[in-house]
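Below: one structure, written as structure tokens.
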Amino acid sequence: QVQLVESGGGLVQAGGSLRLSCAASGRTFSSSTMNWFRQAPGKEREFVATINWLGSSTRYADSVKGRFTISRDNAKNTLYLQMDSLKPEDTALYYCAAGLRAAFYSDLYSSAGLYDSWGQGTQVSVSS
């Protein structure tokens, strides 16, 4: 089972940027669909972005489209989320998640329940 550890969170002012990383261990990273989800206190865990196994295709939640960029480096077993133009509503605990290669191509790609490996999360706080 792939092990995931997020890092890169912090406190920034609105309009600022952060780059999150998710370090993965295990033999299956390069064949996995990788994702970022986030969860704010009192709210449901929500989809942020996903990337297919090759890194050739991505999808984003409408709320982050144009501001966030998901990428991966399979040689380094690392997933990234570049977050620009941050807003206070981006404040949340950000999780990376991994699933089967086919998950990206499923109509349920944005559903947290589709993914079986999760990191512990990294906190992103955006002040106004």
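Please indicate, with yes or no, whether at least one residue in the range 12-20 is open to solvent by less than 20 Å² (accessible area, probe 1.4 Å), at pLDDT 95 or above and under 16 Å from Lys76 (Cα atoms). There is at least one residue in the range 12-20 that is open to solvent by less than 20 Å² (accessible area, probe 1.4 Å), at pLDDT 95 or above and under 16 Å from Lys76 (Cα atoms). Filter the range 68-115 for residues that are of a type in the set (A, V, I, L, M), closer than 18 Å to Gln39 by Cβ and over 13 Å from the mean Cα position of the chain (by Cα); which is modelled with the highest pLDDT? Per the criteria, the residue is Leu86.
Residues in the range 1-55 that are out of contact with any Gly (no Cβ under 8 Å at 6 or more places or on another chain), in contact (Cβ under 8 Å) with a residue 60 or more places away in the chain and of a type in the set (Ser, Thr, Tyr): Ser7, Ser17, Thr28, Ser31, Thr50.
Selection over the range 39-55 of residues that are open to solvent by 10 Å² or more (accessible area, probe 1.4 Å) and either within 12 Å of the chain's Cα centre (by Cα) or on the phi < 0 side of the Ramachandran plot (or both) gives a count of 10.
Scanning the range 79-100 for any residue that is open to solvent by less than 50 Å² (accessible area, probe 1.4 Å) and part of a helix (DSSP H, G or I) turns up at least one such residue. Evaluation of Val2 against the conditions (1) over 19 Å from Met83 (Cβ atoms); (2) open to solvent by 20 Å² or more (accessible area, probe 1.4 Å); (3) β-branched (Val, Ile, Thr) shows that the sole unmet condition is (2).
The values are calculated or read from the model by the stated rules, or taken from the named source; none is laboratory data. Keep in mind it's a predicted model, so treat the numbers as computed, not measured. Heads up, the Cβs are rebuilt from the backbone with ideal geometry, glycines too, and the neighbour counts pull from every protein chain shown. Side chains included, ligands, DNA and RNA excluded: accessible areas come from the protein's heavy atoms. Shrake-Rupley method; radii C 1.70, N 1.55, O 1.52, S 1.80 Å.
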